[in-house]
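The values are calculated or read from the model by the stated rules, or taken from the named source; none is laboratory data. Keep in mind that this is a model prediction, so the values were computed, not measured. Note that we place each Cβ from the backbone using ideal geometry, even for glycine, and neighbour counts take in every protein chain shown. Keep in mind that these areas ignore ligands, DNA and RNA; they rest on the heavy atoms of the full protein, side chains included. Shrake-Rupley method; radii C 1.70, N 1.55, O 1.52, S 1.80 Å.
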Amino acid sequence: MNYLDEFRDGALGQKLLHRIQQAVRPEKSYRFMEFCGGHTHALFRYGIPDLLPANVSMIHGPGCPVCVLPMARVDQAIALARLPGVILCSYGDMLRVPGARGVSLLKARAEGADVRMVYAVSDAVALAQQFPDRDVIFFAIGFETTTPPTALALQQARALGLTNFSVFCNHVLTPPAMEAILSGIPAAEPGLDGLVGPAHVSTVVGTAPYVPIAQRWHLPIVVAGFEPLDVLQALLQLIIQVNEGRAEVENQYTRAVRPNGNPKAQQVVNEVFEIRSQFEWRGLGGLADSALKIRDIFSPWDAEKRFKTTIPRGKENPACDCPDVLRGMKSPKDCKLFGAPCTPDHPMGACMVSSEGACAAHYRYRSET
Amino acid sequence: MSLDWTHGKVEMAHGGGGRAMTQLIDALFLPAFDNAVLSARNDQAVLPAPCQKLVVATDSHVISPLFFPGGDIGSLAVHGSLNDLALAGARPRYLTAAFILEEGFPLADLKRIAASMARAAQEAGVSIVTGDTKVVERGKADGVFITTTCVGEMLDDQSRGVTQIRPGDQILLSGTLGDHGMAVMSLREGLQFDSDLMSDTQSLHGLIEAMIVAVPDIHCMRDPTRGGVAAVLNEIASQTQLGIRLEEKAIPVNPAVQGACDLFGLDPLFVANEGKLLAFCPPEQTAYLLATMRSHPQGEQAALIGEVSADYPGQVSMRTTLGGLRRVDWLSGDPLPRIC
Ligand code: SF4
């Protein structure tokens with residue numbers, strides 16, 4: 001038996017659902033946000049929203065790496081890919097995100113740019129070694145989970161003296177995005193009653209960074225794994241905290257997350273990256289200290305410093321509600337483009353691309369019942 | 001000069017129609033596929049006609065890597081068109097094979113592939129009766145591409161196919177999901193991981209024949225290859241405008257496959273299979289058909305995984321292990337590992 005089976009077990013799931021039913025107070029309503037796209041995916045993948053009591057609602061957060069990258073960064077990646085001699089590598093989903101005028105990296109590839117899908121940054125390093133006369137650029141995206149491998153790759157490139165490898169850095173940070181969401185809720189809107197905290201991100205950063213957030217906003221936060229029973233357990237813990245008027249950081253995902261995270265990984269990241277004073281997020285706007293940039297000692301491997309590109313000024317599709325979806329202000333189904341013409345086959349916005357995107361999760365798993 | 005089977009490479013001349021090509025055919029394909037029709041060395045095969053209706057199926061095979069745990073492009077090329085044919089309720093008899101070889105391809109690998117095709121054909125009791133070889137310049141192909149065509153005869157007069165599917169039909173799956181796709185993915189660059197993953201590539205006609213003899217009334221059979229079970233069922237749902245409901249806990253998946261899928265955030269429903277089938281069966285005959293499948297070596301892990309209904313036309317949905325209901329949509333593009 002697979003060890004994960006116990007986190008998907010139907011009978012155990014029913015028990016947890018029953019406990020949730022008993023814990024909720026009928027007069028209360030519970031609005032919880034799952035920060036991570038991985039949780040959004042798990043909720044829909046297992047049909048959980050329909051199984052929850054009617055007064056428990058889930059609001060999707062911005063934790064989808066592909067979704068939060070604004071169009072200008074996509075366009076810049078496309079411009080890099082089009083430079084002569086360049087091989088641009090990225091994770092698969094990133095290739096499908098539409099940039100200005102609907103041009104994605106995949107389209108750029110069809111038009112002749114050398115764009116390659118990789119499963120890990122180490123593949124890009126290997127490509128650079130394989131093609132010494134080409135410039136291999138890794139289009140790095142993601143929250144704290146994907147940052148350590150990028151840092152290691154940069155260290156490796158420096159150790160090897162690999163001059164034809166560089167990174168276009170778009171790594172972003174979770175806590176500032178949480179703060180932005182919480183401070184951005186208009187007074188007229190109902191607030192959030194709790195937050196399902198990130199799974200994989202927390203294995204790196206730990207639970208400590210969420211403590212000031214829980215205190216400032218008087219908000220219970222439960223860090224949870226990506227399995228369905230993890231999510232149910234976390235929801236139960238959140239409900240109990242709400243009922244008791246507590247606002248603490250709890251760790252449901254103890255099998256992978258320590259309070260201080262993974263200090264080794266944090267150290268590698270610190271050696272290579274520093275805080276970027278300003279970074280533009282799709283939906284959340286420009287946020288101070290919310291992203292990472294490559295330290296000066298690694299400048300030779302920083303694609304932003306090495307290559308000059310001119311980016312065509314593109315406008316986001318005004319009909320796409322991704323910004324509101326990412327802030328939790330709208331549900332994907334509120335978007336006029338949802339389902340037609342925007343589908344995973346023809347995404348009009350970033351949230352319809354990756355399986356972690358709220359629109360894609362709604363579209364792929366929504367049942368007609 | 002004889003061919004060097006250890007260090008030799010495919011050269012342009014091997015497809016040029018001259019002496020080198022004859023030499024390759026004589027030294028490799030004729031002995032490997034060994035049968036009288038092929039050895040007559042004609043450009044076509046003249047065959048005794050079977051008395052039943054003829055069935056023909058053709059399939060092209062491109063795969064990277066060419067060799068994977070549980071099989072290679074050779075066995076896959078035989079099983080591919082053979083299964084396509086057998087699923088109509090037919091018995092395969094003859095195969096043709098056309099090779100497109102890339103200049104520089106190692107002859108040793110070609111020999112391995114030919115031997116594997118020969119073995120697969122022999123196990124299935126079919127002969128490779130005619131073929132063709134072309135060589136393209138280096139860089140214009142990925143090692144070897146193989147197209148096979150299978151000819152066979154209908155086992156009975158029953159018509160089966162998507163149009164025969166009715167509301168109430170039950171859906172049987174012949175074994176575990178995702179074995180082929182994950183075995184191949186495990187070898188792709190950057191994804192190497194130790195595992196017991198093994199492709200399920202196999203010829204299914206033995207199982208199919210047993211099923212048809214037991215329940216001639218099977219409405220439709222399909223193999224969930226590229227795009228997995230999700231793709232086949234969505235195709236059927238949209239074609240018939242019927243609804244399909246799956247039961248997640250009934251779907252058999254090997255623990256190693258599930259583990260690999262979990263690692264990459266993939267879903268076995270979308271992963272390719274090369275030796276499994278789905279059968280649509282009238283409900284009153286399901287128990288007997290399932291028992292028949294389970295008593296056959298290729299169907300030991302067969303399971304009843306869902307049913308067809310008139311509700312929710314065109315939709316495939318699934319009752320999850322937790323009891324929730326979710327839609328099973330087509331996949332967009334290739335299955336991709338998650339980033340988050
Ligand atoms: S449905 Fe498409 S267009 Fe609408 S918000 Fe989602 S991604 Fe944007």
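Pick out the one residue from B:197, B:207, B:269 that is surrounded by 23 or more Cβ atoms within 10 Å (Cβ to Cβ) and closer than 22 Å to residue A:41 by Cα. Explain how you work it out, then say what you get.
Numbers: B:197 fails: closer than 22 Å to residue A:41 by Cα; B:207 fails: closer than 22 Å to residue A:41 by Cα.
Going through B:197, B:207, B:269 in turn, the sole match is B:269.
Going by what's in this entry, would residue A:281 be described as within 15 Å of residue A:169 (Cα to Cα), more than 14 Å from every other protein chain (Cβ to nearest Cβ) and open to solvent by 20 Å² or more (accessible area, probe 1.4 Å)? Before the answer, list the steps.
Numbers: within 15 Å of residue A:169 (Cα to Cα): yes; more than 14 Å from every other protein chain (Cβ to nearest Cβ): yes; open to solvent by 20 Å² or more (accessible area, probe 1.4 Å): no.
No, not satisfied.
Here is a yes/no grid of residues against (1) surrounded by fewer than 20 Cβ atoms within 10 Å (Cβ to Cβ); (2) farther than 12 Å from residue A:108 by Cβ:
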site	(1), (2)
A:50	yes, yes
A:53	yes, yes
A:62	no, yes
A:66	no, yes
A:69	no, yes
A:72	yes, yes
A:81	no, no
A:89	no, yes
A:95	no, no
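Could you tell me which residue of segment A:345-356 is nearest to the chain's Cα centre (by Cα), considering only residues that are near the ligand (Cβ under 7 Å from one of its atoms) and assigned to a loop (DSSP other than H, G, I, E, B)? Break it down into steps so the answer makes sense when it comes.
Just the residues of segment A:345-356 that are near the ligand (Cβ under 7 Å from one of its atoms), to begin with: A:347-352.
Of the ones still in play, those that are also assigned to a loop (DSSP other than H, G, I, E, B) are A:347-349.
Working: A:347: 18, A:348: 18, A:349: 15 Å.
Among those residues, the one meeting the criterion is A:349.
Examine segment A:292-311 for a residue that is open to solvent by 30 Å² or more (accessible area, probe 1.4 Å), in contact with a strand residue (DSSP E or B) (Cβ under 6 Å, 6 or more places away or on another chain) and free of Cβ contacts under 8 Å to residues at least 60 places away in the same chain, and state whether such a residue exists.
Within segment A:292-311 (the criterion being open to solvent by 30 Å² or more (accessible area, probe 1.4 Å), in contact with a strand residue (DSSP E or B) (Cβ under 6 Å, 6 or more places away or on another chain) and free of Cβ contacts under 8 Å to residues at least 60 places away in the same chain), the answer is yes, since at least one residue qualifies.
Within the group B:256, B:250, B:291, which residue is surrounded by fewer than 20 Cβ atoms within 10 Å (Cβ to Cβ) and free of Cβ contacts under 8 Å to residues at least 40 places away in the same chain? Write out each step before concluding.
Values: B:256 fails: free of Cβ contacts under 8 Å to residues at least 40 places away in the same chain; B:250 fails: free of Cβ contacts under 8 Å to residues at least 40 places away in the same chain.
Sole residue among the options that is surrounded by fewer than 20 Cβ atoms within 10 Å (Cβ to Cβ) and free of Cβ contacts under 8 Å to residues at least 40 places away in the same chain: B:291.
Within segment A:240-248, does at least one residue satisfy the condition of being in contact with a strand residue (DSSP E or B) (Cβ under 7 Å, 6 or more places away or on another chain), assigned by TED's automatic domain parsing to the domain that holds residue A:277 and either more than 26 Å from residue A:298 (Cβ to Cβ) or among the acidic types (Asp, Glu) (or both)?
yes
I need the helices (runs of 4 or more DSSP H) fully contained in segment A:251-344, keeping only those with at least 1 residues that are under 30 Å from residue A:194 (Cβ atoms), out of contact with any helix residue (DSSP H, G or I) (no Cβ under 9 Å at 6 or more places or on another chain) and within 13 Å of the ligand (Cβ to nearest atom).
On the way: elements: A:263-272, A:303-306, A:322-326.
Of the helices (runs of 4 or more DSSP H) lying wholly inside segment A:251-344, those with at least 1 residues that are under 30 Å from residue A:194 (Cβ atoms), out of contact with any helix residue (DSSP H, G or I) (no Cβ under 9 Å at 6 or more places or on another chain) and within 13 Å of the ligand (Cβ to nearest atom) span A:322-326.
Listed residues A:243, A:164, A:170; which is modelled with pLDDT of 95 or more and within 14 Å of chain B (Cβ to nearest Cβ)? Outline the logic, then answer.
Values: A:243 fails: within 14 Å of chain B (Cβ to nearest Cβ); A:164 fails: within 14 Å of chain B (Cβ to nearest Cβ).
From the options A:243, A:164, A:170, the qualifying one is A:170.
If you check B:98, B:32, which single one turns out to be surrounded by 15 or more Cβ atoms within 10 Å (Cβ to Cβ), on the phi < 0 side of the Ramachandran plot and assigned to a helix (DSSP H, G or I)? I'd like the intermediate steps shown before the answer.
Numbers: B:98 fails: assigned to a helix (DSSP H, G or I).
After applying the criteria, what remains is B:32.
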